[in-house]
Amino acid sequence: MRFFTPAATLSAFLLFLAQPVAGKLLLPHFGGSAGVWATCLVFFQLLLLLGYLYSHWSVERLSFKKQVWVHLCLLAVSLLLLRFTAAGWADSAAGGDPTVRVLIRLAALLGLPFFVLSTSTPLLQSWYARLAGGELPYRLYAYSNAGSLTALLSYPVLIEPNFSLHNQTLGWSYGYMLYALWCAALALAGLRRNGAGSGGEALSEAEARPGLRLRLMWLALAGCASALLLAVTNLLTQDVAPVPFLWVAPLALYLISFILSFAHPPRYHRRLFGWLITPALFMLTLAWFISRAGRNLELIVGALCGGLFVCCMYCHGELSCLKPAPRFLTSFYLMVSAGGVLGSAFVALGAPHFFSDYFEYPLALGGCALLVWLLSQRRRQDMLRLALTLALVAYAAGEVYAPLARARFASRNFYGALKVVDEGRGDEAARIMFHGNISHGSQWLAPGRRRLATTYYGPESGGALAIENVAAGSRRIGVVGLGPGTLAAYGRRGDFFKFYELNPLVIRLARTQFTYLSDCPAKIELVEGDARLSLAAEPPQQFDVLLIDAFAGDSIPVHLLTREAFEIYFRHVKPQGMLAFHVSNRFLDLREVVAGQAAALGRQALAVTSPGRKETRTHEATWILVSADRNLLNLPVFRGAGQPVAVSNRRRLWSDDYSNLFQAIK
């Protein structure tokens, strides 16, 4: 065991470390969307399934000697093809759903090495069971999940803040080489000890082959836990509190439940969690119900995480209780992996195409309640628990999704759920665009007021001050991020406004549900696709003002804040022009990040914070105004509204190779 444990732990550590590193490599090439992370998760779970399938085939069909030599060949080929870098990629600013392109890039980046790593859990346990026998191989599963948890927690806290992306990929590659050598040594040592084994031993009565019903239950338990993990994570990070690194908490609890359930002896108590599962489902339902109010966030986050942990402990604990004899562990892990893929694919790939809102959340809760009933003794009280849980979920769903009934439009794609809602009457009537549960802009409906800018773009905002005061006469204005098109309210005849928008659905809504663009007398041009890639491919645009306002809610596309991004921006801004960065955020202070990039490139920066006013539907907003023209920023209109931003020399500037969100947490 002492030689197998390091290999299992290291392989799991590398598997989970590869996911954030690969995602970070991809973000600058695909617009920084949260959908990129979800697609990465599905890709890696799919490769995990393929790795488990290979392990199952190998153990069932090959003698031990052939297993070893086939795997040694795989290790050798994966080392030859190891190239963990995005260098040489051809960027494309194309809009639309990039799922297929993300999957292709991931396959080229890490396909074979990740596949080999994914075989470790079942294959190493099978080899150990063959050489040592007994129930002990399942302990390796707990060790491997501990390695996964270590990678998950160490990346945002230790690895990302202290190592450049280049060094992260280099370190991962060296770690993979070490794993490959260790695994090869284990295989050859096992071959010497038991080279003549056939891998096809006769079954004893205690090792009866698992039936179809049991295999389907493995699939359902793993799929339910996976679907709940992604559904709760989506709710937490997109609607409740999009706090940086909050996505770590649900995944950590998911892994901890695996570790406890497959420990030796298991820490799962069937009677205890069989009683707790129904209150946990109630808690998840009620937390979801009250989350739309946007208050008591700490309580809601705690309830969601606590409820998720109990549900995952139940699903994974039942998996541990239903695990087969070691002879069939590869088929067990194959079904567990398949369930994980189906659950995550349902939430990350299926739901955005089939649902107009996050309907997967109540469906996952209902599925878990049904699974609890199937595993129960199906007594009257068990049926009552099922009925009460489903009734509560149905009631909460009816209340939460009631606004959809009055929504003018609701749809969902790779980039999230969007809806348009009208509220108020008469002169107070307004139309609002929501991304999930977060407002992305609004417009007055009264003809006399609909050209008035609202939300973060009122007349006192830094963005408005930049547009109105930088240049006289005809102006060339670039805007990264469209929303309803609010900034077009400042367009005049003879002006040119160019909007860059990643989400094609936002463009559609700005044209059909709002009138900022159609009412604007200026010439309007819309560019669909990632703004940074589009700007990099264009000749200098000679913008008087370039406004960066592409933050979805409180999430941060880091690739728009790096040194390389700022070099692209300034290539398109006139020497006497201005770059205006919208940095309003509840959880991150990005003022010094932007000002530091400006200072490094010889520019001056001012922070302008404007108050929110209910009567004008404007919000408090913070903009950073950057210009190479010191006289421009010294104009009274800017100097009176803004303040210089102090920049620490100790703060490392962000680049495509390095970023550290911990620096910016308030």
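Annotations for the structure displayed:
- Read-out volume of the Cα convex hull per residue in Å³, derived from the coordinates shown; its label in (1) 148; (2) 427; (3) 277: (1)
- Remark: segment 279-418 carries a charge dipole of roughly 200 debye about the Cα centre, counting +1 on each Lys and Arg Cβ and -1 on each Asp and Glu Cβ.
- The calculated FRET efficiency for ALA405 paired with LYS523, based on their beta-carbon distance and R0 = 41 Å, is about 0.60.
- Lysines with Cα under 28 Å of LYS574, excluding same-chain neighbours fewer than 8 positions away: LYS498, LYS523
- Take each peptide in 439-446, 468-475, 585-592, count the other Cβ atoms within 10 Å of every residue, and average; sorted highest first, the result is 439-446, 585-592, 468-475.
- Computed over the chain: relative contact order in percent, which uses C-alpha pairs under 8 Å that are six or more apart: 14
- Its Cα centre serving as origin, segment 583-622 has a Cβ charge dipole (Lys and Arg +1, Asp and Glu -1) of approximately 140 debye.
- Annotation for TRP57 and ARG508: the two label points, set 7 Å from Cα along the Cα-Cβ direction, are 4.0 nm apart.
- Unit charges on C-beta of K, R, D, E only; dipole of the chain, Debye: 820
- Spatially proximal lysines relative to LYS66 (Cα-Cα < 28 Å; intrachain offsets below 8 disregarded): LYS323
- A simple spin-label model places the labels of HIS269 and VAL100 5.3 nm from each other, with each point 7 Å out along Cα-to-Cβ.
- 29 Å Cα-Cα reach of LYS666 towards lysines, excluding residues that sit fewer than 8 places from it in its own chain: LYS24, LYS614
- With a cut-off of 14 Å between beta carbons, the residues surrounding GLY463 carry a summed charge of -4, where Lys and Arg count +1 and Asp and Glu -1.
- Overall form of segment 413-493 per C-alpha gyration tensor (a/c, 1.5; a/b vs b/c): oblate
- Of interest is the spacing of the C-alpha centroids, which for segment 355-395 and segment 408-442 amounts to 31 Å.
Since every read-out is calculated from the coordinates, none of them should be taken as a lab result. Note that the structure is a prediction, hence the values are computed from the model and not measured. Cβ atoms come from the backbone with ideal geometry, glycine included; neighbour counts cover every protein chain shown.
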